[in-house]
Amino acid sequence: MTISYQKCVSDDDFAKASLFMLSHKRDLHASYSTLEMVTLIYSYVTQGNLICAKDADNRVVGIVAYYYGTPEQEFQDKDVALVDIAIADRAYRGSRLFIQGLNYMVNQIMEGHPQVQEFRLAALAENDYLCRLYAKFTRSRFEREGSHGKEVVFCEKINNLRDTLKKFTRI
């Protein structure tokens, strides 16, 4: 199963990513409305970044949305990269896709924004799967109140995360 990763830059990229996010909004939380998802998409297109995972037929099978800085600090804390949306099509979910995508994103961030020192992953506290997965790659965490309940934010120095991911990509 060949997966490629690409940062969204063109209108066509954003359209494909947006359609995927809208069709998978319930994977984030059962109560996400279309309007909430459109608002989130707008926020990422204008203030954040989107990365798509595509299969061999060039179909979007996953999306990651992240910011440089945090909304709480009005994106002034540019030493932080915050991932708070990660969605994968059910047929593609698994550690391999996650590790490859995370590795791609970390490398993109480090190349394009060397001022980033800390990498954060946010997940709803009730999402046991994501919380267990994120905990494997990070050392510290804190909680915050999100739009759909309590979220756990997992934190790691980006250099440490890159080194951890290297161990997994050798396999």
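The values are calculated or read from the model by the stated rules, or taken from the named source; none is laboratory data. This structure is a prediction, so every number in the text was calculated from the model and none was measured. No Cβ is skipped: glycine too gets one built from the backbone with ideal geometry, and neighbour counts run over all protein chains shown. Just the protein is used for accessible areas: all its heavy atoms, side chains included, with ligands, DNA and RNA removed. Shrake-Rupley method; radii C 1.70, N 1.55, O 1.52, S 1.80 Å.
If you roll a 1.4 angstrom probe over the protein chains with everything in place, what fraction of the accessible area of region 108-152 belongs to carbon and sulfur, to the nearest %?
Percent of accessible area from carbon and sulfur atoms in region 108-152: 46.
Quick one: which residues, 5 or more positions from residue 89 or on another chain, have an amide H under 5 Å from its amide H? H modelled 1.01 Å from N in the peptide plane, none for Pro or chain starts.
The answer is 62.
Mind ordering 37-43, 141-147 by average Cβ neighbours within 10 Å, highest first?
In decreasing order of mean packing, 37-43, 141-147 become 37-43, 141-147.
How big is region 92-154 in terms of Cα radius of gyration and Dmax, in angstroms?
Just the Cα atoms of region 92-154 yield Rg and Dmax of 12.8, 34 Å.
I need the per residue convex hull volume for the chain, using only the alpha carbons, in cubic angstrom as a whole number.
115 Å³
Given the pairs 7/167; 78/150; 16/167; 7/150; 16/150; 54/167, which span a C-alpha to C-alpha distance of over 27 angstrom in this model?
Table pairs above 27 Å Cα-Cα are 16/167; 7/150; 16/150.
Hey, if you drop one equal point scatterer on each alpha-carbon of region 1-82 and run the Debye formula without solvent, what base-10 log of I(q)/I(0) do you get at q = 0.13, 0.25 Å⁻¹?
Results for region 1-82 at q = 0.13, 0.25 Å⁻¹ read -0.43, -1.22.
So with the 1.4 Å probe, I'd like the accessible area per residue for region 13-170, rounded to whole Å².
51 Å²
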